[in-house]
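The values are calculated or read from the model by the stated rules, or taken from the named source; none is laboratory data. Since the model is a prediction, treat every value here as computed from it, not as a measurement. Backbone-built Cβ (ideal geometry, glycine too); neighbour counts: all protein chains shown.
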Amino acid sequence: MIGNAKIALLSEDLNITEKVVQHMQTVGLTVDNVIENPTEVYRISPDVPTIVLLAEPAGSVTMEDLCGALREGNRQVAIILLLKNVNFSVMRDAVKIGVVDVLRLPDEITLLEKVVRDGLRFLNKDQRRHAQTIGGLGSHSGGKVLSFYSVKGGCGKTFLAANVAQAIRLSTGKRVLLIDLCLQFGGIQRMLNLQGQRSIADLDPVIHELDESHLNNILFTLEHSGLNVLLGPAKPDIAELLTDNHVELLLSACRRYFDYIILDLPVELNKVSITALNESDQIIYVVTPDSPALFGLKAAVEFFERYGLAEGERFKILVNKVSKKSDLTTKDIEKITGIPILAGIRSDYKAIKDAVNNGRPLWEKPKEKLWNGVAKDVVRLSKQLVG
Ligand SMILES: Nc1ncnc2c1ncn2[C@@H]1O[C@H](COP(=O)(O)OP(=O)(O)OP(=O)(O)O)[C@@H](O)[C@H]1O
Ligand SMILES: [Mg+2]
C-alpha cells in the first residue's frame with residue numbers, strides 16, 4: 001500500500017517477483033497483490049486505486065492486451081512496465097498505451113520506489129480530473145496554460161514568453177497572466193522592468209484557498225496593455241520552499257480567473273518544472289537553429305515522450321533566432337525531428353535591443369504601429385497560438 005493506493009505485481013517470472021517484493025520491503029513498501037498468471041488480471045480490485053507493476057509476459061498475451069484489460073477492469077490504475085530491455089521504440093509504444101513509466105529490471109531496481117511514488121501522483125491527479133469531469137467542468141477547464149521551455153539556456157524563452165503574453169493580451173483583449181517559474185533567479189522582472197518584491201512565495205499561507213483577491217495583491221499589471229504578471233521569488237533559498245503542490249494549486253486557481261496563462265520555465269527539470277509542463281495545454285519548445293540546440297531538443301523529446309508530455313498536439317517546436325547564416329534551416333529541423341515546426345522567429349538583436357535593455361515589450365500599446373520584424377513574427381505566433 002502507498003497513500004490511498006494498493007500495489008499489485010503481475011509477473012510470471014519468479015526471479016523478478018522475488019527481487020521486486022524484496023526491494024519494496026527494504027524501502028518500506030508492501031506489494032499487496034502478486035499475480036503470477038497474466039490472465040488473472042480480474043483479481044485486481046476494480047474500485048481501489050492501484051499501481052500495477054507489470055512484468056513482460058512470456059506467453060502469447062501481449063503487453064498491450066494486458067494494459068487494455070487492466071484499464072477496462074479498473075478506471076484508477078497506474079501501470080508501470082518492468083522490462084528486461086528498453087529502447088526508444090518500446091518507450092514510444094508504452095507511452096501510446098498509456099503506461100506511466102518503464103523500468104529496466106534488474107538494473108534499475110533502485111528506481112522502483114521513485115517510480116511507484118510517481119505512479120501514486122499520477123493516480124491522484126487522474127482522480128481529480130475524473131472528479132472534475134463528473135462535475136461537468138471537464139479536465140483543465142478554464143484558462144489555457146502555455147509553457148515556454150527548452151533544455152538550452154539563452155535561446156529566448158523569457159523574451160518570447162513575455163512578448164507573446166503581451167501580444168496575446170493586446171490582440172485579443174482577454175485576461176492574460178504571465179508567470180515567471182524560473183523560481184531561483186527569475187528573468188521576467190528584468191525583461192519587463194518591474195519594480196517590487198511581491199512574488200509567488202507570498203501566496204504560501206493561502207495556497208490552499210487561493211482566490212482572485214490573493215492573486216491581485218501580488219500581481220503586476222503593465223500600464224498600457226493591462227497584461228498581468230506574477231513573479232517568482234528570484235532567490236534560490238526561497239525558491240526551494242516552493243513545491244510541485246504549490247504550482248498545481250496556483251495553476252488550478254489561475255485557470256479560474258484568466259483566459260491565458262503563459263509560463264516562463266527554467267532549463268532545469270525538477271518537480272516544479274515537470275509539474276508545470278504536465279499542467280500545460282501547450283508546450284512551446286524553443287530551439288535555435290544550431291547543432292547543440294538540436295541535440296538538446298532530441299534529448300528533450302525522448303524525455304517528454306517517456307513522461308507522456310509530448311502526446312497529441314500539446315508539444316510544439318518554435319525556432320527562434322532564424323537567420324540566413326544559421327547552421328540549420330527550419331525545414332532541416334522539421335526533417336531531423338519529424339515534428340512539425342510551429343513557427344520561426346527571425347534573429348535581429350539590433351531591432352530588439354532597445355526594448356530588451358530598457359525592460360519594455362516590443363509591442364507596448366493597443367494602436368501602436370509595429371515596425372520591427374521580430375515583433376511582427378511574435379504577433380503572428382501569438383495569433384497562431386490562440387487560434
Ligand atoms: N529573435 C531574436 N533575435 C535576436 N536576439 C534574440 C531573439 N530572441 C531572444 N534574443 C536575445 O537572446 C538573449 C537570451 O534571451 P532570453 O533571456 O529570453 O533566453 P532564455 O532562454 O530565457 O535564457 P535562460 O535559459 O538563461 O533563461 C537575450 O539577449 C534576448 O534579447
Ligand atoms: Mg530565461
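Remarks
- Residues of the stretch 29-49 satisfying the condition of being out of contact with any helix residue (DSSP H, G or I) (no Cβ under 7 Å at 6 or more places or on another chain) and modelled with pLDDT under 90: 37, 39, 40, 43, 45, 47, 48
- Of everything in the stretch 339-374 that is among the small types (Gly, Ala, Ser) and more than 10 Å from ligand 1 (Cβ to nearest atom), the residue that is surrounded by the most Cβ atoms within 10 Å (Cβ to Cβ) is 343.
- Here residue 285 meets each of (1) buried (at least 18 other Cβ atoms within 10 Å of the Cβ); (2) within 16 Å of ligand 2 (Cβ to nearest atom); (3) of a type outside the set (Asp, Glu); (4) not in a strand (DSSP E or B) with one exception, condition (4).
- Qualifying strands (runs of 3 or more DSSP E) (wholly inside the stretch 1-84; at least 1 residues being small (Gly, Ala, Ser) and under 18 Å from residue 103 (Cβ atoms)): 6-10, 50-55, 77-83
- The stretch 188-214, residues that are modelled with pLDDT under 95, over 20 Å from residue 240 (Cα atoms) and among the hydrophobic types (A, V, I, L, M, F, W, C): 210
- Residues that are touching a residue at least 40 places away in the same chain (Cβ under 8 Å), of a type outside the set (Val, Ile, Thr) and under 30 Å from residue 169 (Cα atoms), drawn from the stretch 279-307: 279, 280, 281, 282, 285, 289, 293, 297, 300
- Any hit, the stretch 259-272, residues being surrounded by fewer than 22 Cβ atoms within 10 Å (Cβ to Cβ), at pLDDT 95 or above and away from ligand 2 (no atom under 16 Å from the Cβ): yes
- Of all residue pairs spaced 6 or more apart or on separate chains, those with beta-carbon atoms under 6 Å, a first member in the stretch 337-356 that is in a helix (DSSP H, G or I) and a second member that is among the polar types (S, T, N, Q) are 351/372.
- Within the stretch 315-336, residues that are farther than 22 Å from residue 303 by Cβ and modelled with pLDDT of 90 or more reach partners that are outside any strand (DSSP E or B) and within 16 Å of ligand 2 (Cβ to nearest atom) with beta carbons closer than 7 Å, at six or more positions or on different chains, in the pairs 321/156; 321/288.
- Any hit, the stretch 263-281, residues being in contact with a Phe, Trp or Tyr (Cβ under 8 Å, 6 or more places away or on another chain) and in a strand (DSSP E or B): yes
- Residue list for the stretch 28-79, restricted to those being more than 16 Å from residue 14 (Cα to Cα) and among the β-branched types (Val, Ile, Thr): 30, 39, 41, 44, 48, 50, 51, 52, 61, 62, 77, 79
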